[in-house]
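Let me begin by presenting the structure, written as structure tokens, before commenting on it.
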Amino acid sequence: MQTTKKHDKLVIKDGWVICPVCEKGKLLLTRPDTAVRNLPRKCKRCGQETIVNIEAPEPASTVTSA
Ligand SMILES: [Zn+2]
């Protein structure tokens, strides 16, 4: 098992990406279909910069045909 630091996974609460450093600051407001890649966001609360990565959700199958 690896000793991973708490930086690989971001917590999203009520659509807000929560700062992994202070675990209280809100970094970014997201929507259910939001995808972000390597977006630096500075926490207003602790001032630490965090790279936000949010994978795009799986497409709920192709709804629109043709
Ligand atoms: Zn913070």
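The values are calculated or read from the model by the stated rules, or taken from the named source; none is laboratory data. What you see is a predicted model; the values in this text were computed from it and never measured. Virtual Cβ from ideal backbone geometry, glycine too; neighbours counted across all protein chains shown. The protein model used for the area step is the full one, side chains on, heavy atoms only, and it has no ligands, DNA or RNA in it. Shrake-Rupley method; radii C 1.70, N 1.55, O 1.52, S 1.80 Å.
Among the residues in the range 50-66, are any surrounded by 10 or more Cβ atoms within 10 Å (Cβ to Cβ), at pLDDT 90 or above and farther than 13 Å from Val17 by Cα? No - not one qualifying residue is present in the range 50-66.
Scanning the range 12-24 for residues that are open to solvent by 100 Å² or more (accessible area, probe 1.4 Å) and either aliphatic (A, V, I, L, M) or within 8 Å of the ligand (Cβ to nearest atom) (or both) yields Glu23, Lys24. Against the criterion of being modelled with pLDDT of 90 or more and either part of a loop (DSSP other than H, G, I, E, B) or among the acidic types (Asp, Glu) (or both), Pro20 qualifies. On the stretch given as the range 25-41, residues that are farther than 17 Å from Lys13 by Cα and within 16 Å of the ligand (Cβ to nearest atom) total 2.
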